[in-house]
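The values are calculated or read from the model by the stated rules, or taken from the named source; none is laboratory data. Quick caveat: nothing in here was measured; it's all calculated off a predicted structure. Cβ placement follows ideal geometry from the backbone for every residue including glycine, while neighbour counts extend to all protein chains displayed.
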Amino acid sequence: MFPDDNEITPTAREIYSVSALNSAARALLESGLPLLWVEGEISNLSRPASGHIYFSLKDEAAQVRCAMFRPQLRLSDVRPENGIHVLVRARVSLYEARGDFQLIVEQMEAAGEGLLRLQFERLKKRLAEEGLFDPARKRPLPVLPKRVGIITSPSGAAIRDILSVLKRRFPAIPVLIYPVPVQGSEAPAAIVQALQTAGRRRDCDVLILARGGGSLEDLWAFNDEAVARAIHACPIPVVSGVGHEIDFTIADFVADVRAPTPSVAAEMVSPSRDEWLAALFQKHRRLMRVQSGRLAQWRLSLDRLTRRLKHPGQRLREQTQRLDELELRMANALRHQLRHGQARIAALATRLHARSPALRLRELQLQLSATQRRQRLAIAQQLQRKQQRLAALGRALDAVSPLATLGRGYAIVQTGGGRVVRRASEVAIGERIEARLGEGRLKCRVEGREDT
C-alpha cells in the first residue's frame, strides 16, 4: 500500500533542481543508449562563428535537434545543406541549459539520393580534371547529316518524341536506332556497347543519346563513368538529350552538345525543312535576278560590238593598203642600208690594205721559232737535273728503308692486335703473334720465352 500524502514529511521527499534533473537525464540518456545511426533530412541549419553547426534532423512524423562540432565536421565528406538526406552516427544527449533532447553527431554520410548526388559531384570533378569536359575537344554538329543514330529505349517516350520531331523537321534524313535499356544495372554496359558499335561502323554522322525524365536514381545510368568515357572516345559527335531541362547528368557534360530534352536534341541535329525550302527559294530568286542582269549586260555589249564591227571587205582593203605602204618603206630602208654597208666595206678595205699584217706575221714567226728552241733546251736541262736528284734520293731512301733491313734476314714481330713486340715480356706463352719478313709473313704461337 502507498502511504497517504498527508503522512509524507518534507524530509522524506527527494527534491531535484532543474539543472540537477537535466544533468541526471543527460547521464541516463548517454549511458543508456550506445552510438547509433539515424537517417533523416537536414533542416534549420545554422553555422555560428565557432565553426560548429546546429540543425534538425527530420522525417515525415518527427524531428530531433543535432549538433556537430568543428573537428568532426572537418573530417566529413558531406557538405551539410538544408534539404539533403543524410545518415548520421551520433550519441544521444541532452542540452542541459534548455533541457533540449539532441544528438551529438560524430560522423555524417549522404543517404539515398543525397549519396547519389555526392557520387555524382565526385565523378564530375574527377572527369573535369582529366579534361573530358574541355570545350576545345567538342565537335560541331553536321549541318545536314546523312543519317542520325539514336541510342535509347525502343519503347520509351523519348524515341517517339525524337522520331516525331525528325519527321516534322526533315523527313528525308534516315534514322538508325541502337536499342538499349536506359535504366537499371544493365543499362551502362548496353549504352557503352552501342556507342562503340556506332563508332566502329560509322553508319551515322551524329548520335543522339536520350531518355525521358526521372529521378536522379532513374537517370543514374547516364552518370556511369564507363558511359562517360565511351562518349569521350566516340569518333562521332554525340548530342545528349537526357531527362528534362532541369536534369543534368555526366553524359551532358562529356557530350559534344547538351540538349535539355530529347525533342530539343532532335531539333539540334536536323535542319528545318521549311527554313531550307525558304532559303532555296531565296537563292533561286537571287540567281534568276543575277542571270537576268547579266543577260541584259551581254545584250548591251553585243549591240555596241555590232555597231563597231566593220564590213570584212572594207577591213581587208584597209589592211591591203597598209601592207603596200609598209612594203615600200621596207624596200627604201633596205636600199639605204645596202648603200651604207657598201661604203663602209670600201673604207675598211682601204684601211686593211694600208695595214697589211703579213710583215708583222713573219716577224712574229721568227720570234716564235727562237723562243721554242730556247724552251726545249731549258726543259731538257731541267729534266736531267731532276733525274739526277731523284736517283740520289732513291739511293738514300733504300739505305734507311726497313724493307732493306728485312731483306737482310731481320723480321718485325707484331701481336694479334697489330702492336709491335720489342721485348719478350710483352707476350705470353701460347699467344698468337705475326712475323713480317722481307718477303711474306709468318703466323706463330709462342711456346717459350726468355726475357733477357
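What to note about this one:
- Boolean, residue 266 is among the hydrophobic types (A, V, I, L, M, F, W, C), under 30 Å from residue 206 (Cα atoms) and in the same structural domain as residue 245 (by TED's automatic domain parsing): yes
- Where strands (runs of 3 or more DSSP E) fall wholly inside region 98-191, the ranges with 1 or more residues that are out of contact with any His (no Cβ under 9 Å at 6 or more places or on another chain), without any contact (Cβ under 8 Å) to a residue 40 or more places away in the chain and farther than 18 Å from residue 266 by Cβ are 100-110.
- Residue satisfying condition, being modelled with pLDDT under 80, in contact with a Leu (Cβ under 8 Å, 6 or more places away or on another chain) and not small (Gly, Ala, Ser), within set 359, 406: 406
- Residue selected from region 221-235 under the condition farther than 16 Å from residue 131 by Cα and without any contact (Cβ under 8 Å) to a residue 60 or more places away in the chain, by the criterion nearest to the chain's Cα centre (by Cα): 235
- Residue match in region 291-303 (condition: at pLDDT 85 or above, out of contact with any His (no Cβ under 7 Å at 6 or more places or on another chain) and surrounded by 11 or more Cβ atoms within 10 Å (Cβ to Cβ)): no
- Filter result (within 22 Å of the chain's Cα centre (by Cα) and among the hydrophobic types (A, V, I, L, M, F, W, C)) within region 117-133: 127, 128, 132, 133
- Residue match in region 401-408 (condition: more than 60 Å from the chain's Cα centre (by Cα) and in a loop (DSSP other than H, G, I, E, B)): yes
- The residues on offer are 230, 226, 187, 221, and the sole one that is under 19 Å from residue 116 (Cα atoms) and either in contact with a strand residue (DSSP E or B) (Cβ under 7 Å, 6 or more places away or on another chain) or crowded, with 21+ Cβ neighbours inside 10 Å (or both) is 221.
- Reported count of residues in region 236-249, each being touching a residue at least 40 places away in the same chain (Cβ under 8 Å) and either touching a Lys or Arg at 6+ places or on another chain (Cβ under 6 Å) or under 13 Å from residue 139 (Cα atoms) (or both), is 4.
- Residue in region 308-324 that is closer than 30 Å to residue 143 by Cβ and modelled with pLDDT under 90 present: no
- Test for residue 395: is it exposed (fewer than 10 other Cβ atoms within 10 Å of the Cβ), out of contact with any helix residue (DSSP H, G or I) (no Cβ under 8 Å at 6 or more places or on another chain) and either at pLDDT below 85 or not in a loop (DSSP other than H, G, I, E, B) (or both): yes
- Set 278, 333: member being modelled with pLDDT under 85 and farther than 30 Å from residue 209 by Cβ: 278
- The set of residues from region 204-214 being surrounded by 16 or more Cβ atoms within 10 Å (Cβ to Cβ) and not hydrophobic (A, V, I, L, M, F, W, C) comprises 205, 211, 212, 213.
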